[in-house]
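See structure below.
The values are calculated or read from the model by the stated rules, or taken from the named source; none is laboratory data. Everything numeric here is computed off the predicted structure, so don't read it as measured data. A quick note on method: Cβ atoms are made from the backbone with ideal geometry, for glycine too, and the neighbour counts reach across all protein chains shown. These area figures cover heavy atoms from the full protein model, side chains too; ligands, DNA and RNA do not enter into them. Shrake-Rupley method; radii C 1.70, N 1.55, O 1.52, S 1.80 Å.
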Amino acid sequence: MTMSTSTPQDSPQTAHASHNIDTLQKRGKTFPPPPEFAANAIADAGLYEKARADRLGFWAEQAREILDWQKPFESVLDWSNPPFARWFADGELNVAYNCLDRHVLAGNGDRVAIHWEGEPGDSRTFTYAELTEKVKRAANVLEGLGIGAGDRVAIYLPMIPEAVISMLAVARIGAVHSVVFGGFSAESLRTRIDDAEAKLVITADGGWRKGKVFPLKPTVDTALGGEPSSVEHVLVVRRGENEIEWTDERDVWWHDAMDGADEEHEARGFEAEQPLYILYTSGTTGKPKGILHTSGGYLTQVAFTHRTVFDLHPETDVYWCTADVGWVTGHSYVVYGPLANGATQVMYEGTPDTPHPGRWWEIIQKYGVTIFYAAPTAIRSFMKLGREIPDAFDLSSLRVLGSVGEPINPEAWNWYRNVIGGGRTPIVDTWWQTETGAMMISPLPGVTATKPGSAQVPLPGISVDVRDDDGNPVPFGGGGLLVVTEPWPSMLRGIWGDPDRFVETYWEKFANVPGGPLYFAGDGARRDEDGDIWLLGRVDDVMNVSGHRLSTAEIESSLVSHPFVAEAAVVGASDETTGQAVVAFVILRADQAEAVSAEDASAILRHHVGQQIGAIARPRTIFVVTELPKTRSGKIMRRLLRDVAEGREIGDTTTLADTQVMQIISERLAQK
Ligand code: WT7
């Protein structure tokens, strides 16, 4: 199933992955690896065999070959207390040393680590030697501020080099970072600071986005105002030059502290299971989950996958992942994977369309990017703008293209390959999650014959399956739920402070099934006749908007916290560009329903959600309604609301408590 050699045919593709599986299968449309590519590829088919023959031996070999250990491990996997895994537990390493010092010591100090491009057009370049020096200084700064191993540090920064430097400095001293995406609100930031009990916040005055400076420090001030918090200091990078307020005994300028810091810092070894970071992600309840990752297993899998899936040749490649470090993709494939592998990468501060819609392609041309990793939502928005924009730039340096965050429909896949990749480049559609830490399902370039729209096969050393609701394996050609059947090195080690929720969310559904306990990913999936896997989206109340995860419950509770709102229901409706879009149905309080128009109410509520959670959570559409469809047990039937939001005929309403309600809602909306 991984190495079929059918010939590519350039027949036109239709719109949506889930609708076209059968047609595609019948055509057998795949793109075998170009022979020149295969001849120099990092990966070979033997990896699968090796891993299949001895999975733990395979991972132990990767961990030993890819990383430098200060104390070698003997124990590979401790799974004596599932689902709590320990990988390489008796070994010791320093994550930052593995990402920095060792490359310098190996004679690669002059290699560029980061070509950074600011949105207004300024740029900075850091070699491995320079980045190592910065991180050593920053580690001394953190220690000077009283941060030690195990302490939590919140990072709320734009996409500037200091974000990478901060993360690595935290890692270097065995502390734990919790990066909060710069688009999140003061309230979201505070919730995360409180949950992690962070002692320090690293932020900037502001950052550049869409041609303007957006303030960050003022948001931190708001977040820390009010109730006392665990935060002792705020370290502030100067970037936006915007005016900010200053709290003398708490706030410290980054540049002052860095200038005064010693440039020597010893990287001591920590246990492989030393916590590395917490990253909050949306779940099915209103409260975000603090996903916990540790050191040795995580670094092994992110480095291994970064090297093999992108076919990284660190001496010659220029790699660019467009993700923000506020998301897991930025953690694993901007910071830890590429730097552990000694890669040269591009990092960009701003949005793809500033100051012109060809900005990304201009950057690829400027730096000669060879490996490019982006989300389908971006590809689809460029598709809409037309190929003239990318065609105006020289993209001939590209040789591997990656996709992540949501299913990529075959039409976008083909456009990506033909227009951006000049019809030459393998596309790697990589399925993974914040929880998995690293890629899990993806073709290997040079090995796999790629298939538009399918993430295809688990990576070597990874075991996944598609099961029905009772945990029985689904035959080829059938659909079900995606599970991971064996522990993997970069798996989450838990939810910060909530072991019960960890067990319930991921391990309870398939606890007592053949081969269990199995990890339940929350995604629907289908296997085609070749055994290739097609991801079909979330099966829970989690939405995927532009490759970002949002919880329906979190947005609903934000809506009902507004005095206008009596009740709210949120659904993810399919959207041509963003994959899904947030659509809300609200019932106004009786006293408000008269006083405010539906238009005003929805504008006010959109703003409110933006303030409370962050701009990404703002509903695209808010429908003001008088009833919500509920089952007799009182559960809101989101399926029906999704039908309405997507303009479909309303499905089966027989289990509704009040069968009239949907008719009323859809008639009302049709009248608009
Ligand atoms: C969810 C995880 C992986 C980093 C970015 C998102 C969806 C992710 C794919 C893909 C189909 C995908 C899944 C998954 N997803 N990659 N290649 N094909 N779906 O991380 O925020 O933790 O979201 O994103 O639904 O469960 P995340």
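Quick notes
- In the range 279-292, residue least open to solvent (accessible area, probe 1.4 Å) [restricted to those that are under 15 Å from the mean Cα position of the chain (by Cα) and more than 12 Å from the ligand (Cβ to nearest atom)]: Gly290
- Residue count for the range 143-178 under the criterion of being of a type in the set (Ser, Thr, Tyr) and part of a helix (DSSP H, G or I): the result is 1.
- Check on Leu131, over 14 Å from Leu200 (Cβ atoms), open to solvent by less than 10 Å² (accessible area, probe 1.4 Å), at pLDDT 95 or above and not in a loop (DSSP other than H, G, I, E, B): yes
- Residue in the range 105-112 that is over 29 Å from His313 (Cβ atoms) and not β-branched (Val, Ile, Thr) present: no
- Pick from the range 451-476, criterion within 13 Å of the ligand (Cβ to nearest atom) and touching a Phe, Trp or Tyr at 6+ places or on another chain (Cβ under 7 Å), ranking: nearest to Phe31 (Cα to Cα): Pro452
- Long-range neighbours under 7 Å by Cβ, at least six apart or interchain, first residue hydrophobic (A, V, I, L, M, F, W, C) within the range 415-430, second part of a helix (DSSP H, G or I): Trp415/Ile379; Trp415/Met383; Val419/Pro390; Ile420/Pro390; Ile427/Trp413; Ile427/Tyr416; Ile427/Arg417; Val428/Val309
- Identification of helices (runs of 4 or more DSSP H) wholly contained in the range 35-128 with 2 or more residues that are open to solvent by 20 Å² or more (accessible area, probe 1.4 Å) yields 35-39, 46-53, 55-66.
- Taking the criterion of being under 25 Å from the mean Cα position of the chain (by Cα) and open to solvent by less than 50 Å² (accessible area, probe 1.4 Å), the residues of the range 215-234 that qualify are Leu216, Lys217, Thr219, Val220, Ala223.
- For Arg359: the one exception among (1) away from the ligand (no atom under 16 Å from the Cβ); (2) surrounded by fewer than 23 Cβ atoms within 10 Å (Cβ to Cβ); (3) in contact (Cβ under 8 Å) with a residue 24 or more places away in the chain: (3)
- Filter result for the condition that a residue is touching a residue at least 40 places away in the same chain (Cβ under 8 Å), open to solvent by 10 Å² or more (accessible area, probe 1.4 Å), farther than 22 Å from His608 by Cβ and not acidic (Asp, Glu), over Gly206, Gly183, Gly174, Gly150: Gly150
- Within the range 299-322, if we keep just the residues that are more than 17 Å from the chain's Cα centre (by Cα) and within 15 Å of Trp488 (Cβ to Cβ), the residue that is surrounded by the fewest Cβ atoms within 10 Å (Cβ to Cβ) turns out to be Thr308.
- Some residue of the range 542-559 being charged (D, E, K, R), assigned to a strand (DSSP E or B), more than 16 Å from the ligand (Cβ to nearest atom) and farther than 30 Å from Thr485 by Cβ: no
- Yes/no for Ile495 being more than 11 Å from the ligand (Cβ to nearest atom) and farther than 30 Å from Asp591 by Cβ: yes
- Just one residue in the set Asp470, Asp465 is among the acidic types (Asp, Glu), assigned to a loop (DSSP other than H, G, I, E, B) and open to solvent by 20 Å² or more (accessible area, probe 1.4 Å); that residue is Asp470.
- Residue selected from the range 524-533 under the condition open to solvent by less than 40 Å² (accessible area, probe 1.4 Å) and either outside any strand (DSSP E or B) or among the β-branched types (Val, Ile, Thr) (or both), by the criterion nearest to the ligand (Cβ to nearest atom): Ile533
- Selected residue (only one of Ala196, Ala272 is more than 25 Å from Asp122 (Cα to Cα) and touching a helix residue (DSSP H, G or I) at 6+ places or on another chain (Cβ under 8 Å)): Ala272
- Any hit, the range 496-504, residues being assigned to a loop (DSSP other than H, G, I, E, B), under 22 Å from the mean Cα position of the chain (by Cα) and crowded, with 17+ Cβ neighbours inside 10 Å: yes
- Within the set Ala521, Ala568, the sole residue that is open to solvent by less than 40 Å² (accessible area, probe 1.4 Å), within 30 Å of Asp44 (Cβ to Cβ) and not in a loop (DSSP other than H, G, I, E, B) turns out to be Ala521.
- Thr659 vs. criteria modelled with pLDDT under 80 and surrounded by 14 or more Cβ atoms within 10 Å (Cβ to Cβ): no
- Filter result for Leu536 (buried (at least 22 other Cβ atoms within 10 Å of the Cβ) and either within 11 Å of the ligand (Cβ to nearest atom) or under 21 Å from the mean Cα position of the chain (by Cα) (or both)): no
- Only listed residue being within 16 Å of the ligand (Cβ to nearest atom) and out of contact with any strand residue (DSSP E or B) (no Cβ under 9 Å at 6 or more places or on another chain), chosen from Val302, Val328, Val309: Val302
- Gly634 passes every criterion in (1) assigned to a loop (DSSP other than H, G, I, E, B); (2) open to solvent by 70 Å² or more (accessible area, probe 1.4 Å) apart from (2).
- Applying the condition of being among the small types (Gly, Ala, Ser) and within 12 Å of the ligand (Cβ to nearest atom) to the range 396-411 and asking which residue is nearest to Thr370 (Cα to Cα) yields Gly402.
- Verdict on Ile622 being crowded, with 20+ Cβ neighbours inside 10 Å and outside any helix (DSSP H, G or I): yes
- Among the residues of the range 251-273, those that are open to solvent by less than 40 Å² (accessible area, probe 1.4 Å), farther than 20 Å from Gly182 by Cα and not in a strand (DSSP E or B) comprise Ala257, Met258, Ala261, His265, Ala267, Gly269, Ala272, Glu273.
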